[in-house]
Amino acid sequence: MENPIVGARRADWRSYAVALVITTAIFATALYASNYFNERRIAEIRTTQDNISIDILSLETQFDLLAEHSCRDISENSVLSKEIRPLAERLSYLETQRSVDESELLRLKRYYSLLQIKDLLLMKKVATKCSLKPVFILYFYSNEGDCKDCENQGYALTALSEKYPQLRIYSFDYNLDISALQTLLSINDVENKLPALSINDKMYYGFRNIQDIEKVLPQLATLDKAASSTRKSAR
Amino acid sequence: MPEIGISGDIIYTLLFISLYFEVFLLVSFLERRAERFRPQGGGNGAGALPRVAIVIPCFNEERTLASTIESVLALRYPRELLEAIVVDDGSTDGTLRVAKQYEGREGVRIFHKENGGKHTALNLALTETTADLIGCLDADSTVGPDALMRIVPVFDNKDVSAVTPGIHVKNPKTMLQHVQDAEYNLSVFNRFMLAALGSAFITPGPFSIFRTQTVRDLGGWRHGHSTEDMEMALRMQAGGHLIANAPSATVHTSTPRTLPELFRQRVRWTYGFLRNALDYRFMLGNRAYGNLGLMILPLALVSVGAGIYFFIHVLWYWLERLYDLILRIQITGAFPHPSLDLFYINTSALWFLVYIAIALILVLICTGSWIGTGKRMPPVGTPLFILFYSFLTPLWLGTAVFRALFKTGVEWR
């Protein structure tokens with residue numbers, strides 16, 4: 001390394017080209033690696049959704065057989081798998097990732113929404129037959145930049161679901177193009193004033209904080225007590 | 001970080017350009033390494049040694065001037081062929097008194113003049129010397145005993161008009177100086193490669209040596225927006241002169257100890273670069289100037305913009321996150337606990353590319369260390385350099401761009 005060095009003035013086209021090829025290869029590898037991990041995430045979500053689908057199908061079958069079985073076999077918790085709650089967060093996270101296949105992601109979101117609707121309907125049926133009193137909220141949002149309070153409403157609902165683990169929150173992207181969702185919107189007369197909450201069959205528009213929701217949903221207190229008594233009786 | 005949309009596209013484009021530049025330098029290095037770094041034009045040092053004048057321009061340098069002069073006098077070079085020209089540029093402290101202590105020593109000449117800037121001090125020496133080669137040594141730097149003997153043989157190549165040394169941080173003490181130590185190792189590599197590519201655009205103040213006649217032909221040093229070393233190099237490039245680099249010619253220079261000092265110095269450097277690049281804009285994209293016009297100058301300019309853009313982007317991202325966090329705490333009344341779910345580990349291409357870019361910088365620093373000192377290990381300040389420097393740099397880049405746009409000028413200190 002002792003020798004000093006100097007180059008004549010010229011353009012090193014060969015080096016430009018080699019560097020371009022190597023840089024492109026680095027970029028392609030990084031994109032491939034990122035894509036690979038995102039594919040794995042999508043596969044994970046798909047598996048979870050399939051499991052939920054099986055759970056629902058199982059319960060539907062169980063429901064059909066209700067005549068032959070008692071309601072003891074069906075509890076409020078048997079429908080909505082614990083896995084479904086983090087699914088929304090995971091799907092939201094994937095939406096921020098660049099190399100995720102958008103059509104695949106949309107498909108997963110549609111599937112997720114359908115599962116929620118199915119779960120909701122089934123839960124209502126079970127509740128009627130078995131005299132259960134599930135407490136649930138329908139939440140309609142948009143992530144197309146036209147709903148500045150939707151993110152905050154999401155935070156409030158997440159905190160609420162952590163406070164009341166038995167509370168069921170079904171969240172729907174208002175703009176998702178699924179006929180079942182459109183029907184649900186139409187049945188509930190949901191206007192395009194988001195965020196929107198359907199609580200006890202009544203619509204609430206605009207941001208509602210935790211206290212607001214607790215006020216309009218007094219059953220939450222019962223739910224909390226019920227959860228405590230369940231824990232007590234389990235001892 | 002958000003990666004979707006126009007801002008994501010710009011980030012990826014800038015990252016591609018940054019990576020491309022690093023890869024280009026490494027590829028060029030490896031290609032030349034294959035050629036075993038043979039000096040072109042037969043620089044074997046076999047010719048008769050030329051007479052050399054080392055100019056020490058100084059303004060209020062009473063603390064460091066003595067060690068600078070001593071280091072010149074300690075150079076292993078025939079005494080009768082070497083002269084040290086100390087030019088006191090109207091100092092208001094004891095600089096002249098320190099210089100006078102060397103008056104009468106063989107080969108030392110002292111001049112005093114009204115303050116006019118570094119370029120005027122250099123030009124005074126240029127008119128006074130009859131040496132074949134003329135060099136500058138800033139009064140805050142000291143030169144290694146073998147440095148001149150490593151540089152002079154390069155001038156055996158008749159096409160070479162200037163040779164730059166390998167510059168290192170002098171006695172790094174503060175954390176900031178250790179960080180700069182790592183940065184200077186990176187600069188050793190960059191300077192080495194730019195010379196190899198025929199694209200050196202700075203002949204740094206600490207111990208760059210020139211053919212005296214070339215400097216005279218070019219009309220001497222100019223103010224060059226307070227960066228006369230950059231202006232001179234660009235003028236030499238414009239005139240078709242070659243600038244070589246001898247990384248084993250070691251020079252140690254004092255570096256800023258505090259952030260405000262560093263900030264002031266870097267604003268001056270960046271401002272000078274931007275204004276000089278503007279003055280020599282005819283080189284940009286011009287094939288006649290080879291790698292310098294096609295690659296180095298355009299990418300150096302892009303890197304200024306990229307540094308600022310990255311900084312603003314990251315800052316904005318974290319401010320948004322902070323705002324969201326505060327809002328969330330207000331809404332939920334609790335601090336959100338971070339998810340430990342492996343699902344959320346960031347595996348975006350952006351992060352992979354940032355890691356690769358950092359790894360490449362580490363390789364370049366190690367290579368610079370190897371070229372400059374023969375050590376393969378990076379300096380101790382390297383982790384801090386990699387972690388924090390990219391957040392500091394935009395501060396002076398932004399200020400320099402602002403000043404360059406409004407032509408405010410910059411101060412030396």
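Below are the figures for this structure:
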item: Any hit, segment A:56-79, residues being open to solvent by 50 Å² or more (accessible area, probe 1.4 Å), modelled with pLDDT of 75 or more, not in a helix (DSSP H, G or I) and not polar (S, T, N, Q); result: no
item: B:Leu315, sole failed condition from (1) among the hydrophobic types (A, V, I, L, M, F, W, C); (2) within 22 Å of B:Ser28 (Cβ to Cβ); (3) away from chain A (no Cβ under 13 Å); (4) open to solvent by 50 Å² or more (accessible area, probe 1.4 Å); result: (2)
item: Per-region count, segment A:27-42, residues facing chain B (nearest Cβ under 7 Å) and under 18 Å from B:Asp9 (Cβ atoms); result: 4
item: Among residues of segment B:337-379, those that are in a helix (DSSP H, G or I) and not aliphatic (A, V, I, L, M), counted; result: 12
item: Per-region count, segment A:135-146, residues in a loop (DSSP other than H, G, I, E, B) and open to solvent by 20 Å² or more (accessible area, probe 1.4 Å); result: 4
item: Test: B:Leu299 is open to solvent by less than 30 Å² (accessible area, probe 1.4 Å), among the aliphatic types (A, V, I, L, M) and assigned to a helix (DSSP H, G or I); result: yes
item: Any hit, segment B:200-208, residues being under 22 Å from B:Thr270 (Cα atoms) and within 11 Å of another protein chain (Cβ to nearest Cβ); result: yes
item: Test: residue in segment A:159-166 that is part of a loop (DSSP other than H, G, I, E, B), away from every other protein chain (no Cβ under 11 Å), of a type outside the set (Val, Ile, Thr) and within 17 Å of the chain's Cα centre (by Cα); result: yes
item: Test: residue in segment B:236-257 that is away from every other protein chain (no Cβ under 14 Å), part of a helix (DSSP H, G or I) and farther than 22 Å from B:Gly198 by Cβ; result: no
item: Among residues of segment B:55-86, those that are touching a strand residue (DSSP E or B) at 6+ places or on another chain (Cβ under 7 Å), without any contact (Cβ under 8 Å) to a residue 60 or more places away in the chain, surrounded by fewer than 19 Cβ atoms within 10 Å (Cβ to Cβ) and closer than 16 Å to B:Ile110 by Cα, counted; result: 1
item: Residues satisfying the stated conditions in segment B:211-234, i.e. farther than 22 Å from B:Thr408 by Cα, more than 14 Å from chain A (Cβ to nearest Cβ) and crowded, with 20+ Cβ neighbours inside 10 Å; result: B:Thr212, B:Val215
item: Residues located in segment B:116-139, provided they are more than 19 Å from B:Thr253 (Cβ to Cβ) and charged (D, E, K, R); result: B:Glu128, B:Asp132
item: Residue match in segment B:317-336 (condition: touching a residue at least 12 places away in the same chain (Cβ under 8 Å), out of contact with any Leu (no Cβ under 7 Å at 6 or more places or on another chain) and in a helix (DSSP H, G or I)); result: yes
item: Residue within segment B:239-251 that is in contact (Cβ under 8 Å) with a residue 24 or more places away in the chain, open to solvent by 10 Å² or more (accessible area, probe 1.4 Å) and more than 30 Å from B:Asp156 (Cβ to Cβ) present; result: no
item: Within segment B:355-395, tally of residues that are open to solvent by less than 30 Å² (accessible area, probe 1.4 Å), over 30 Å from B:Asp146 (Cα atoms) and within 14 Å of another protein chain (Cβ to nearest Cβ); result: 2
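The values are calculated or read from the model by the stated rules, or taken from the named source; none is laboratory data. Remember, predicted model here, so these are calculated numbers, not experimental data. Counting neighbours? That spans all protein chains shown, and the Cβs are built from the backbone with ideal geometry, glycine included. For the accessible areas, the whole protein counts, side chains as well, though only heavy atoms, and no ligand, DNA or RNA atoms are used. Shrake-Rupley method; radii C 1.70, N 1.55, O 1.52, S 1.80 Å.
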